[in-house]
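Trainee: Next up is a structure, given as structure tokens.
The values are calculated or read from the model by the stated rules, or taken from the named source; none is laboratory data. The shown structure was predicted, so the numbers you read here are calculated from the model rather than taken from an experiment. For neighbour counting, all protein chains shown are included, and Cβ atoms are generated from backbone atoms with ideal geometry for every residue, glycine included. To get the accessible areas, we keep the full protein, side chains included, count just its heavy atoms, and leave off ligands, DNA and RNA. Shrake-Rupley method; radii C 1.70, N 1.55, O 1.52, S 1.80 Å.
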Amino acid sequence: MKIFGIIGRYFLLMRRVFTRPQKGFVFRKRLFDEFQYLGVESLGIVAFISIFMGAVVAIQTAYNIANPLVSLSLIGFTTRQSIILEFSPTMISLILAGKVGSRIASEIGTMRVTEQIDALEIMGVNSANFLILPKVVASLLINPILIIISMWLGLVGGWAAIMVTGLCTSTDFVTGLRDTFEEFSIFYALIKTVIFAFIISTISSFHGYETEGGALEVGQASTKAVVVSSILIILFNLILTQLLLT
Amino acid sequence: MIEAKKINKYFGGFQALKEVSCHFEKGKTNLIIGRSGSGKTVLMKCLIGLYEVDSGEILYDGRNFSTMILNERKAIRQEIGMLFQGAALFDFLNVEENVMFPLTMFTKQSLKEKLERVNFVLNRVDLKGSNKLKISELSGGMRKRVAIARAIAMNPRYLFCDEPNSGLDPQTSGVIDHLIKEITEEYNITTIVNTHDMNSVLSIGDTVAFIYNGQLWWSGSNKEILNTTNKELNDFVFGTELTVRLKQYFQQKEQ
Ligand SMILES: Nc1ncnc2c1ncn2[C@@H]1O[C@H](COP(=O)(O)OP(=O)(O)OP(=O)(O)O)[C@@H](O)[C@H]1O
Ligand SMILES: [Mg+2]
């Protein structure tokens, strides 16, 4: 029963979030700040994880198809498919749920318990719109870019691992990368990314906004934000895969 | 003038305010006093509409706040300045941007006009030249003063202060109290201050409303408060060792 109340409050909050900002230039300024906090500052961890995971995927694939009958270009092909279809959109979104989600929830939660949100409301500012909308819009725009960078670096990481270990030749690997490439797979990955970005930013904002109490509760809210958005990402990943790939 | 008429407020089964009726006068520092947990903050939050009352009326210079729709309330809110218990400054903005914030959101003034106003109010609270400081670099007293500056930036008709001197030393408290009183008289504001500090009561309380267990238990001026025969108020007023001893001392002297 409690879950229905939570879902109801979530949608009520969203109704206040998705309204026209009171001052356009204030919104744009906040949006650019969020690009910085949510995007640029996540670049390092995304790059690091992508390169290493790309390398591991390539090496794993190479060892698992050590069969003289199959072409070595299959290594490149499989690496590409895993990275573009699952690893980059889903794994990196989960990482971002941890990094960005906890940041959003603790930032908004702190503003709630220090009465900054009340201060906005007293002035007559729609605090939900003012605080949350820039974060959601920034996430929707910046996460796809992060994911594309991640795909690219993942492939580079895979190629580099193959070069270092000499499991197949560069030509074989690159031939595999190019083999029967469908643009739809990128499109599919980006749709997932955008939906995950929406989940991360709105769920985390919701938990931050609903915080009551003090510093301890802010910590709890940020944990809850990460857990709930991760679970939803996993669930929606299954649903979207089923919907989009059949 | 702000009037509250028979307001009731429940949290679940718990009644935080019981039939509270009181009024707060223009150009005066109106105090709400009471022990911790008596309902001061709830009363203040009901008056400004952060909490909805369950019954009763709230009037702002005759305008019925309780029955207003959201947009009408927003208009009144721009006439309200509020000083929160913990200052509630925006930590993503510096001092200048904090004070300028309401001007940016609600006026069409140019940057130059806004800066003029910001410097004027910062000067008024003795913080000239602190424009570029970050909020984390301010002391507690400075934060309160920046918050006062932000609250008066829009020339409010109504000023609400929730425990303006909690967490401050007695001298800094005095400075903040007097600043509030001066501003109130200078600009003819209806000011409401929540406090449990007897010092503030005696030095700035033009009118005093004593809240006890969610009820309005006593009201009057700070001149009358020392001679009151109301038991609960007496316990509150003479609640510290210092005041009790002073009272005994003067009683002995009189005999
Ligand atoms: N949001 C809320 N939900 C439930 N009960 C509340 C809520 N806010 C306040 N109360 C209760 O209402 C009563 C009055 O609280 P209030 O915050 O007004 O006290 P106060 O007089 O401001 O005290 P203090 O001097 O400590 O700030 C308390 O018993 C408190 O537990
Ligand atoms: Mg209080």
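Trainee: Taking only Cα atoms of the protein assembly as shown, what ratio of Rg to Rh do you get with Rh as the Kirkwood inverse-distance radius? Walk me through the numbers on the way to the answer.
Mentor: On the way: Rg = 29.7 Å, Rh = 26.3 Å.
Computed over Cα atoms, the ratio is 1.13.
Trainee: Also, quick follow-up: Pop out the ³J(HN,Hα) list for the stretch B:131-136 in order, Karplus 6.51 cos²θ - 1.76 cosθ + 1.60 with θ = phi - 60°, rounded to Hz; leave Gly and Pro as x.
Mentor: So the J values, rounded to whole Hz, are 3, 8, 5, 7, 4, 5.
Trainee: Here is a further query. How are the Cα pair distances of the stretch B:203-255 distributed, in percent, across 5 Å bins from 0?
Mentor: 4, 18, 25, 25, 18, 8, 3, 1
Trainee: So how far, in whole Å, is the C-alpha centre of the stretch A:207-246 from the one of the stretch A:161-189?
Mentor: When both Cα centres are located, 33 Å separates them.
Trainee: May I ask you to derive the FRET efficiency for A:Glu183 and B:Glu19 from their Cβ-Cβ distance with R0 = 51 Å, giving the value to the nearest 0.05? Mind showing how you got there, number by number?
Mentor: Numbers: r = 70 Å, r/R0 = 1.37.
Computed FRET efficiency for A:Glu183 and B:Glu19: 0.15.
Trainee: So if I take the centroid of the Cα atoms in the stretch B:9-46 and the same for the stretch B:177-255, what is the distance between those two points in Å?
Mentor: 16
Trainee: One quarter of the convex hull surface, Cα atoms only: what value does that give for the stretch B:80-155 in nm²? If you can, show how the numbers build up before the last one.
Mentor: On the way: hull surface 18.3 nm².
Mean shadow area of the hull around the Cα atoms is 4.6 nm².
Trainee: Kindly flag which residue pairs out of A:Lys192/A:Lys224; B:Lys40/B:Lys132; B:Lys5/B:Lys247; B:Lys26/B:Lys223; B:Lys6/B:Lys247; B:Lys45/B:Lys132 have an alpha-carbon separation exceeding 24 Å in this structure. All intermediate terms of the calculation are to be shown ahead of the outcome.
Mentor: Numbers: A:Lys192/A:Lys224 22 Å; B:Lys40/B:Lys132 35 Å; B:Lys5/B:Lys247 36 Å; B:Lys26/B:Lys223 19 Å; B:Lys6/B:Lys247 35 Å; B:Lys45/B:Lys132 31 Å.
With Cα atoms farther than 24 Å apart: B:Lys40/B:Lys132; B:Lys5/B:Lys247; B:Lys6/B:Lys247; B:Lys45/B:Lys132.
Trainee: Could you go through the stretch B:214-220 in sequence order and give the Karplus-derived ³J(HN,Hα) for each residue, using 6.51 cos²θ - 1.76 cosθ + 1.60 with θ = phi - 60°, rounded to whole Hz, and x for Gly and Pro?
Mentor: x, 10, 6, 9, 7, 8, x
Trainee: Taking the alpha-carbon set of the stretch A:146-246, what are its Rg and Dmax in Å?
Mentor: 19.3, 60
Trainee: I've got another one for you. In chain B, how does Rg compare with the Kirkwood Rh, expressed as the Rg/Rh ratio over alpha carbon atoms? Please report the intermediate quantities before stating the final value.
Mentor: On the way: Rg = 19.0 Å, Rh = 19.2 Å.
Rg divided by Rh gives 0.99.
Trainee: Rolling a 1.4 angstrom probe over the protein chains, ignoring ligands and nucleic acids, what is the accessible area of A:Leu245 in square angstrom, nearest 10?
Mentor: Solvent-accessible area, nearest 10 Å²: 90 Å².
Trainee: Given Cβ point charges of +1 (Lys, Arg) and -1 (Asp, Glu) and nothing else, what value in debye, to the nearest 20, does the dipole of the stretch A:23-245 about its Cα centre take?
Mentor: Numbers: 12 positive and 15 negative charges, 54 e Å.
It comes to approximately 260 debye.
Trainee: For a quick check, take a GNM of chain A with Cα springs below 10 Å and name the residue from A:Tyr37, A:Tyr188, A:Tyr63 with the largest mean-square fluctuation.
Mentor: A:Tyr63
Trainee: Against the longest principal axis of chain A, how steep is helix A:127-165, in degrees 0 to 90 to the nearest 10, with axes from Cα atoms?
Mentor: For helix A:127-165, the angle is close to 20 degrees.
Trainee: Could I ask something else about it? So what's the gap between the Cα centers of the stretch A:85-126 and the stretch B:110-175, to the nearest angstrom?
Mentor: Cα centroid to Cα centroid, the span is 28 Å.
Trainee: Report B:Met105's accessible area, 1.4 Å probe, all protein chains in place, as a number in Å² to the nearest 10.
Mentor: Result for B:Met105: roughly 10 Å² accessible.
Trainee: Further, regarding this structure: Quantify how much of the Cα-Cα distance distribution of the stretch A:23-245 extends past 29 Å, in percent. List each step's numbers first, then the result.
Mentor: Working: 8895 of 24753 pairs.
Percent of Cα pairs beyond 29 Å in the stretch A:23-245: 36.
Trainee: Return the single residue from A:Ala221, A:Ala160, A:Ala66 with maximal mean-square fluctuation; model: Gaussian network over chain A, springs between Cα atoms under 10 Å.
Mentor: Its mean-square fluctuation being the largest, the pick is A:Ala66.
Trainee: Could I ask something else about it? Counting only other chains, and only Cβ atoms inside 10 Å, what mean value do you get across the residues of B:241-250?
Mentor: On the way: counts 0, 0, 0, 0, 0, 0, 0, 0, 0, 0.
Mean partner shielding for this stretch: 0.
Trainee: While we're looking at this one, here's another question. Around B:Leu168, under 13 Å between beta carbons, what's the net of Lys plus Arg minus Asp minus Glu among the other residues?
Mentor: Values: positive: B:Arg143, B:Lys144, B:Arg145; negative: B:Glu163, B:Asp169, B:Asp177, B:Asp197.
Once positives and negatives cancel, what remains is -1.
Trainee: Check which residues have an amide H placed less than 5 Å from B:Ile192's amide H, if you skip close sequence neighbours.
Mentor: Answer set, sorted by chain and number: B:Asn30, B:Leu159, B:Phe160, B:Cys161.
Trainee: I'd like the carbon and sulfur percentage of the solvent accessible area for the protein assembly as shown, probe radius 1.4 Å, heavy atoms only, ligands and nucleic acids excluded. Provide the component values of the computation, followed by the final result.
Mentor: On the way: 14480 of 23890 Å².
Result for the protein assembly as shown: 61 percent of the exposed heavy-atom area is carbon or sulfur.
Trainee: Run the simple label-point estimate for A:Ile191 and A:Ala66 please: 7 Å along Cα→C-beta, distance reported in nm.
Mentor: It works out to 4.0 nm between the two label points.
Trainee: From the gyration tensor of the Cα coordinates in the stretch B:33-112, what semi-axes in whole Å does the equivalent ellipsoid have, largest first, with each one equal to sqrt(5λ)? Intermediate values should be presented prior to the final figure.
Mentor: Details: eigenvalues 149, 77, 16 Å².
Result for the stretch B:33-112: semi-axes of 27, 20, 9 Å.
Trainee: Return the distance in nm (one decimal) between the two label points of a simple spin-label model at A:Ile149 and B:Lys134, each offset 7 Å from Cα along Cα→Cβ.
Mentor: Once both label points are built, they end up 2.3 nm from each other.
Trainee: May I pose another question? Suppose R0 equals 51 Å; then what is the FRET efficiency for A:Phe25 and B:Gln171 from their Cβ-Cβ distance, rounded to the nearest 0.05? Provide the component values of the computation, followed by the final result.
Mentor: Values: r = 42 Å, r/R0 = 0.83.
Calculated transfer efficiency: 0.75.
Trainee: OK, next. Quick one: accessible area per residue over the stretch A:23-245, 1.4 Å probe, rounded to a whole number of Å²?
Mentor: Result: 43 Å² per residue.
Trainee: Still on this model: As a check on your grasp of the helix formula, calculate [θ] at 222 nm for the protein assembly as shown: sum -39500 (n - 2.57) over DSSP H runs of n ≥ 4, divide by the residue count, round to the nearest 500. Can you show the working numbers first?
Mentor: Numbers: 19 runs with 296 residues, N = 501.
The per-residue figure over the protein assembly as shown is -19500 deg cm²/dmol.
Trainee: Running a GNM on chain B with Cα contacts under 10 Å, which residue among B:Phe24, B:Phe101, B:Phe238 ends up with the highest mean-square fluctuation?
Mentor: B:Phe238
Trainee: Now for a separate question. Provide the buried accessible surface between chains A and B in square angstrom, both chains summed, 1.4 Å probe, rounded to the nearest 100.
Mentor: On the way: alone 12730 and 13080 Å², together 23890 Å².
So the total buried area for this chain pair works out to about 1900 Å².
Trainee: If the viscosity is 0.890 mPa s and the temperature 25 °C, what translational diffusion coefficient in µm²/s does Stokes-Einstein give for the stretch A:58-165 when Rh comes from Kirkwood over Cα pairs?
Mentor: Numbers: Rh = 17.0 Å.
D, rounded to a whole number, is 144 µm²/s.
Trainee: Compute the projected area of the convex hull of the Cα atoms of the stretch B:129-190, averaged over all viewing directions, and report it in nm² to one decimal place. Could the numbers behind the result be given before it?
Mentor: On the way: hull surface 18.4 nm².
In nm², the orientation-averaged hull projection of the stretch B:129-190 is 4.6.
Trainee: With a point put 7 Å past each Cα toward its Cβ, work out how far A:Val156 is from B:Lys253 in nm, to one decimal.
Mentor: 8.2
Trainee: Given 0.36 nm per residue, what is the gain on full extension from B:Tyr187 to B:Leu115 after removing their alpha carbon distance, in nm? It would help to have the intermediate numbers written out before the result.
Mentor: On the way: separation 72, 0.36 × 72 = 25.92 nm, distance 2.03 nm.
Difference between extended and current length: 23.9 nm.
Trainee: Restricting to Cα pairs below 8 Å that are 6+ residues apart, what does the relative contact order work out to for chain B? Please round to a whole percent. Please list the in-between numbers first.
Mentor: On the way: 439 pairs, mean separation 70.0, N = 255.
In percent, rounded to a whole number, it is 27.
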